[in-house]
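Derivation of every value follows stated rules applied to the coordinates shown; laboratory data play no part. Values in this document were obtained by computation on a predicted structure and should not be read as measured data. So basically every Cβ, Gly included, is an ideal-geometry build from the backbone, and we count neighbours across all protein chains shown.
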Amino acid sequence: MKHEVLLIDHTANRLLTVPDSAAALERLGHYPVTAMDCDLATWSLTGPSSLPIRVECAADELEGLLSAGCPAAIVRLEDDLEAALSRVKHLRRKDSAIWLKASGASSFGVEQLRRCAALIRAYDLAGFIYCDDGYTEPFALEARIAQAIAALGCSVEFSPSNRFGLATANTLTAVRCGVRRVHTSVGGICCDRSAAMEEVLLSLSTFYQIGGPQFRQLSGDCAGILAALGLRVPGDKAVIGTDIFAFESGIHAFGIRQNPALYEVIDPETVGLRRRLVLGKHSGRAAVRSKLEDMNLPLPDDLIAILTEQVVQLATRQKRSLTEQQFQTLAAALLSERGDHAAG
């Protein structure tokens, strides 16, 4: 399998409403984002954008949206949709496009899919957005998406829910079935309708060699985009969290130094992160000695033993690992004390 996969972004629905979002949108443009989806309320507040915007609406809102000059619309599959499409025929420009969005598409049978296909052909719609409700696991989804692609005969996009944490896995299933356009959001913040962009990008590159293998700006870009929304990347966030390449216990510290592949599926620098040794309640002398070497703080063995005990006590008391500053302070205090004794 070797084909281009494009991203439909949902982060923009929130990003476009904040002041000074230009830098964040520029970061988003570093990746294969072909369109940004937003709702009608967001679109009414936005100005020109460097990335194409598609606006989602209900059937009874479509006429007003096209009259306002929207070039790309997403209309939900509803009972009165065909009547709405008939009313707007005269409003459509040659360069305008309308996508059909179907929620709960994983429950559709063949006949329902064929009715959607007929609607798409009759009104020259751009494609079908397959929205999974999150209750379908990857193995069952594969057959359903294959059935949808065969029945629809048009461009199919995949919009997953992360209800059970399967959005990325289901997105990869859709790609294996031949879907070329998938819905994502940075950090997975729009988890009801998209997968985490960084997870999808890295998975496609690692498992299927789709897209560039280098994403050295990825963690920084994602952090910058989320910061524009007033959000922080959780330390344990897959792919971009600063703590996912942190290791603590002595045996892990030794193993990482000997062979990083024992604990890491990718090199941290691939996504712009770095490996970190953190010290906590499970750390032993080997980890403390290694940290001292990294920080160019030479300490004799007897002080390393004392420092290790202090590290464990402090980490236990504060219920988290030590910061770099805390460790430096403890080490400096021991050195200073030893110096005072020597001077005395």
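Some notes on this structure:
- Remark: the stretch 77-90, residue by residue, has Karplus-estimated 3J(HN,Hα) of 6, 9, 4, 9, 5, 4, 5, 5, 5, 5, 5, 9, 3, 6 Hz, where x stands for each Gly or Pro and the curve is 6.51 cos²θ - 1.76 cosθ + 1.60 at θ = phi - 60°.
- Computed [θ] at 222 nm, helices only, for the chain once each DSSP H run of length n ≥ 4 contributes -39500 (n - 2.57): -12500 deg cm²/dmol
- The chain: most fluctuating residue of 161, 290, 103 per GNM, C-alpha cutoff 10 Å: 290
- Across the chain, counting alpha-carbon atoms alone, Rg and Dmax equal 26.1, 95 Å.
- Net charge, residue 218 excluded, C-beta distance under 14 Å - Lys, Arg +1, Asp, Glu -1: -1
- For the stretch 79-157, the spread of Cα positions along each principal axis, largest first, Å: 43, 24, 20
- As a proxy for reagent exposure, 30, 282 were ordered by neighbouring Cβ count within 10 angstrom, fewest first; the result is 30, 282.
- Contour excess over end-to-end distance, with Cα ends at residue 39 and residue 338 and 0.36 nm allotted per residue: 101.1 nm
- Candidates 256, 240, 189: whichever shows maximal mean-square fluctuation once the chain is modelled as a Gaussian network with Cα springs under 10 Å: 256
- Here the calculated FRET efficiency for residue 231 and residue 274, from their Cβ-Cβ distance with R0 = 22 Å, stands at 0.50, rounded to the nearest 0.05.
- Radius 9 Å from Cβ of residue 134, net charge of other residues (Lys, Arg +1; Asp, Glu -1): -2
- Near residue 97, the amide H atoms lying under 5 Å from its own belong to 72, 73; only residues 5 or more places off or on other chains count, and H is placed 1.01 Å from N.
- Three semi-axes of the equivalent ellipsoid, the stretch 1-157, Cα gyration tensor, whole Å, largest first: 26, 22, 13
- If you take all other residues with their beta carbon under 15 Å from the beta carbon of residue 289, and give Lys and Arg +1 and Asp and Glu -1, the sum is -3.
- Between the Cα long axis of helix 218-228 and the first principal axis of the chain there is an angle of about 70°, rounded to the nearest 10.
- Relative contact order for the stretch 6-228, counting Cα pairs under 8 Å that sit 6 or more residues apart, in percent: 18
- The residue 86 and residue 163 beta-carbon pair, evaluated with R₀ = 51 Å, returns a calculated FRET efficiency of approximately 0.90.
- The chain: angle of helix 301-318 to the longest principal axis, Cα-based, in degrees nearest 10: 40
- Between residue 323 and residue 214, full extension at 0.36 nm per residue minus the direct alpha carbon distance yields a gain of 36.3 nm.
- Of the residues 315, 58, 22, the one that moves most in a GNM of the chain with alpha-carbon contacts below 10 Å is 315.
- Principal-axis analysis of the Cα atoms of the chain puts helix 324-343 at an angle of about 10° to the longest axis.
- In plain terms, if you count all Cα to Cα distances in the stretch 233-344 and split them into 5 Å steps from zero, the share in each step is 2, 12, 20, 22, 18, 13, 7, 3, 2, 1, 0 percent.
- Förster-model FRET efficiency, 22 Å R0, residue 119 and residue 140, C-beta, rounded to 0.05: 0.30
- Karplus-derived 3J(HN,Hα), 6.51/-1.76/1.60, for each residue of the stretch 129-144, Hz, glycine and proline x: 9, 7, 9, 8, 8, x, 8, 9, 8, x, 5, 6, 5, 4, 5, 6
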